[in-house]
1. Okay, helix-only estimate at 222 nm for the chain: each DSSP H run of n ≥ 4 adds -39500 (n - 2.57), divide by all residues, round to 500 deg cm²/dmol; what do you get?
2. Can you tell me the relative contact order of region 53-131? Whole percent, Cα pairs under 8 Å, sequence separation 6 or more.
3. To the nearest 10 square angstrom, how much accessible area does residue 293 have with a 1.4 angstrom probe?
4. Leaving ligands, DNA and RNA out of it, report the carbon-plus-sulfur percent of the accessible area of the chain at a 1.4 Å probe.
5. Find the accessible area per residue for the chain; the probe is 1.4 Å, ligands and nucleic acids are left out, and the unit is Å².
6. Which of rounded, prolate or oblate describes region 210-349 when judged by the alpha-carbon gyration tensor and an a/c cut-off of 1.5?
7. So for the chain, considering every pair of alpha-carbon atoms, how many percent are separated by more than 37 Å?
8. For region 105-251, just say rounded, prolate or oblate: build the C-alpha gyration tensor, square-root its eigenvalues into a ≥ b ≥ c, call rounded for a/c under 1.5, and beyond that prolate if a/b exceeds b/c, oblate if not.
Amino acid sequence: MTTAPEPRTLPLWLVAEVTYRCPLHCPFCSNPVDFAKHRSELTTEEWCRVLQEARELGAVQLGLTGGEPLSRPDIEQLVAAAHELGYYTNLITSGIGLTADRMRALQQAGLDHVQLSFQDSTRELNDFLSSTRTFELKRRAAKLIKDHGLPMVMNCVVHRLNIEHVGRIIDLALEIDAQYLELANTQFYGWAHLNRAHLLPTREQLQRAEAVVADYRRRIGDGLRILWVTSDLHEARPKRCMNGWGTTFMVIAPDGTVMPCHAARMLPGIELPSVRESSLREVWLDSPAFNRFRGDRWMPEPCRSCPEKSKDLGGCRCQAFLLTGDIEATDPVCDKSPAHARVLQITRQPAPAAHEQPLLFRTPENSLRQPDAQPATPIRRRI
């Protein structure tokens, strides 16, 4: 394989998945479906070294996520280390485990921002989707965040089971005084891929929800900034994944595996580096994994000759693999892809009855029964 050109950019974002442990069991979780097989976690000292290496490489934004980052008792120490290094630090949390003492300690450590997740606007559906009784805990966490003066984004993953509640979800964001609301349509990898038949909304549902969002934006103005993340499978073009493979983001798993995106460890034929074996500078500049899909020389047709290739850079490699079995395939979301018919077939399928195909919740027991990926049968690519 021809060596890729040296990257013209350095990572601005470090996404630190500090643990896969989580008290919630969401069926759309982006963690690997076999997360329970990855038990090792970097120590506090190892994470502090990683933070320093990434900062020296150019990273300025830090997302502390998981799993649930509050499951680690040293999260305040990691925030303090990041603050000392000059990061803008964002805690991405379900709010479970956030007490007044921990909130105060996080603020004193230099935490800049919190993204708080809800599964729905109602206690019943929020608690069903997380398979926990956490709705009131989340509301209390929101109050703690606001009482301590931190900026807060409310995040809600949108799918077939809650998309008709979009208006009420916006009302909840207004009630808890969030500055931003991220309505993130489900991206179908990880656990969401396993549950896609239950979670994928219809095009009509998406259109209704988008109309509701547009109406709220007109009425409330800048009182709440609403971010609507579109659903790939109902689009004619894919999004640029992570702003481009190996251009902006560096994701580090709990065990120190370094990835260009959250789901990359499921891709076959790519040996992902580890912070326990390589420096982050070596990983970013020299590793085959980070150079694998940089630029456009790797692209098959029709991407290679497409005048729009610089917009989406071939789309999502994980999505392409899961839908075609080929990590180099044109993302089937693109209507120029030879595999686009698969996407059309998927989006037209009705949701199964619960007794025919139960929703699979993210639990260690279910994880131990899963392989690391669920790809489609490979298709032959046209070169």
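The values are calculated or read from the model by the stated rules, or taken from the named source; none is laboratory data. Computed from a predicted structure; not experimentally measured. Neighbour counts run over all protein chains shown; Cβ positions are idealised from the backbone, glycine included. Each accessible area value is taken on the protein alone, full model and side chains, heavy atoms only, with ligands, DNA and RNA left out. Shrake-Rupley method; radii C 1.70, N 1.55, O 1.52, S 1.80 Å.
1. -9000 deg cm²/dmol
2. 30
3. That residue has around 10 Å² of solvent-accessible surface.
4. The value for the chain is 51 percent carbon and sulfur by accessible area.
5. I get 44 Å² per residue for the chain.
6. It comes out oblate by the Cα gyration axes.
7. 18
8. It comes out rounded by the Cα gyration axes.
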